[in-house]
Amino acid sequence: MEKRIFSGIQPSGRLHLGNYLGAMKNWIPLQDKYRCIFGIVDYHAMTVTYTPKEMEKRILDAAVNYIACGLDPEKTILMIQSLVPEHTELAWIFNTLVSVPRLSRIPTYKEKIQQHPENVNMGLLDYPVLMAADILIYKSFAVPVGEDQLPHLEIAREIARKFNTSYGKTFPEPQSITEEKGMRVFGLDGVNRMSKTLDNCIYLDDTKEDVEKKLATAVTDTARKRRTDPGNPDVCNIFNYHKLFSSKNELSEVTEGCRTAKIGCLDCKRILADNMNRELDPIRKRQKELWKKTDEVKKILIDGSEKASEIAKETMREVRTKVGIGLRKKS
Ligand code: AQP
């Protein structure tokens, strides 16, 4: 059987550097090694309050960014979760294999109910079960994810194990594919993970000037009060960004300049802004081109979802038989 991997991003807002460095950028080389299925997981995005009229624009925005960052629909399946309803069907079956206390201990659930105390819905609790179905409906052997998603992947492994024990070997226990670089990108506040909800982001469609302005006010080493004070790159979030965008030489120059107060935070941020913009420029250029041909983008998603459906339907036929629901022509 072909080796498949699945990963996805929620269309819950504009995509940001955390999504790019923790997810999309790492997906690019996988396209040549495995059968990749990358989803825009819109059912997940319904777990927080949203405006229905904006959802389609967000889905398209995610697709534009996927392609602009280098995902190639000729090699890879790009799909929309809700166009393959077998994801939610399998999630229902998986719901019977995991306990409520287990789900309520997941860190992202605790985080979300703090962020959205007015809307603690079942979908938030059930999110990892739907994610397990997203992965296992394609019998994916591995999943490329950022650090925040590792507890969810653990749930997917537990569910696969439980299903296999209860109903016979059906699913692989999916492994994580993680890259040390970009595992956890902090937001401009330097404290929290970069996240759409917290709006502490550099977005992939921010202009060159937006990037410069946002970096200029971003948090650095808070103990460095004056330009003449030496700084400590080890506790500076701007230095974390440098590690992701700057060359080895620049990293040592910036380290030395900061520790000896030869350069100030603004000088350091200017070097970073140039490097970040150099990487983001071609992405922004392709975004603009793709927004002029959204019909083509929609077709890519519809075709991709059809290809994904073929695999998902086959898995569900097997699952329905194994769990014994429905009727079969011959008993
Ligand atoms: N800050 C981050 N650092 C590293 N990786 C990140 N990812 C997201 N933020 C960071 C990775 O992006 C993929 C998809 O994430 P998602 O949009 O489905 O959900 P999320 O992780 O919940 O992202 P947000 O921005 O925090 O969304 P909201 O605010 O809507 O919940 C995942 O692989 C994730 O690891």
Legend entry - Sequence-distant residues sharing a close amide H with H16 (under 5 Å, placed H): L204
Legend entry - 16 Å cut-off, amide nitrogen to a point 7 angstrom out along V235 Cα→Cβ, residues in region 178-221: 190-192, 219-221
Legend entry - FRET E, pair A216, R184, Förster distance 22 Å, beta-carbon r, rounded to 0.05: 0.40
Inset, instruction - Would you mind computing, in nm to one decimal, how far apart the modelled labels at T51 and K298 are, each placed 7 Å from Cα along Cα→Cβ? - result: 2.0
Inset, instruction - Quick one: check the C-alpha center-to-center distance for region 156-202 versus region 205-277, whole angstrom. - result: 29
Legend entry - Distance between modelled label sites at Q175 and E306, nm, 7 Å Cα→Cβ extension: 3.5
Legend entry - Phi-based couplings in Hz for region 99-105 (Karplus 6.51, -1.76, 1.60; Gly and Pro marked x): 8, 4, x, 4, 5, 6, 8
Legend entry - Interatomic Cα distance distribution for the chain, bins of 10 angstrom, percent: 5, 24, 31, 23, 12, 4, 1, 0, 0
Legend entry - When each of K298/K322; K181/K292; K57/K293; K112/K269 is checked by Cα-Cα distance, pairs over 25 Å: K298/K322; K181/K292; K112/K269
Legend entry - Inter-part distance where region 51-116 and region 3-28 are each reduced to a Cα centre, Å: 11
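Cut-off is 10 Å between beta-carbons; in what order do M183, M194 appear when sorted fewest neighbours first? Please report the intermediate quantities before stating the final value.
Details: M183 15, M194 24.
Lowest count first: M183, M194.
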Legend entry - Long-range amide H partners of V145 with built H, under 5 Å: I177
Inset, instruction - Calculate how steeply helix 248-259 sits against the longest principal axis of the alpha-carbon atoms of the chain, using the helix alpha-carbon long axis, and give the answer as 0 to 90 degrees to the nearest 10. - result: 60
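Would you mind ranking V100, V145 by Cβ crowding within 10 Å, fewest neighbours first?
Fewest-to-most Cβ neighbours within 10 Å comes out as V100, V145.
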Inset, instruction - Return the calculated 222 nm mean residue ellipticity for the chain, to the nearest 500 deg cm²/dmol, obtained by summing -39500 (n - 2.57) across DSSP H runs with n ≥ 4 and dividing by the residue count. - result: -16000 deg cm²/dmol
Inset, instruction - Please list, in chain and number order, the residues 5+ apart from I80 or on another chain whose amide H is under 5 Å from its amide H, with Hs placed from the backbone. - result: I40, S305
Inset, instruction - Tabulate in residue order the Karplus-calculated ³J(HN,Hα) for region 82-93, using 6.51 cos²θ - 1.76 cosθ + 1.60 with θ = phi - 60°, rounded to whole Hz; enter x for Gly and Pro. - result: 6, 7, 10, x, 4, 4, 6, 5, 5, 4, 4, 5
Inset, instruction - For region 291-296, just list the computed ³J(HN,Hα) in residue order, Karplus coefficients 6.51, -1.76 and 1.60, θ = phi - 60°, integers in Hz, with x standing in for Gly and Pro. - result: 5, 7, 10, 5, 4, 5
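Using DSSP to define loop residues, name the GluC sites (Glu not before Pro) in region 1-59 whose beta-carbon has at most 10 other beta-carbon atoms within 10 Å. It would help to have the intermediate numbers written out before the result.
Values: sites: E2, E54, E56; in loops: E2.
Listed in order of number, the matching sites are E2.
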Inset, instruction - For the chain, give the share of DSSP beta bridges that are antiparallel, in percent and rounded to the nearest 5; count only bridges with both residues there. - result: 10
Legend entry - D267-N121 pseudo-label distance in nm [points 7 Å out on the Cα-to-Cβ vector]: 5.2
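The numbers here are math on the coordinates, done by the rules we state, and not lab data. Being a predicted model, the structure only gives us computed values, none of them experimental. Neighbour counts run over all protein chains shown; Cβ positions are idealised from the backbone, glycine included.
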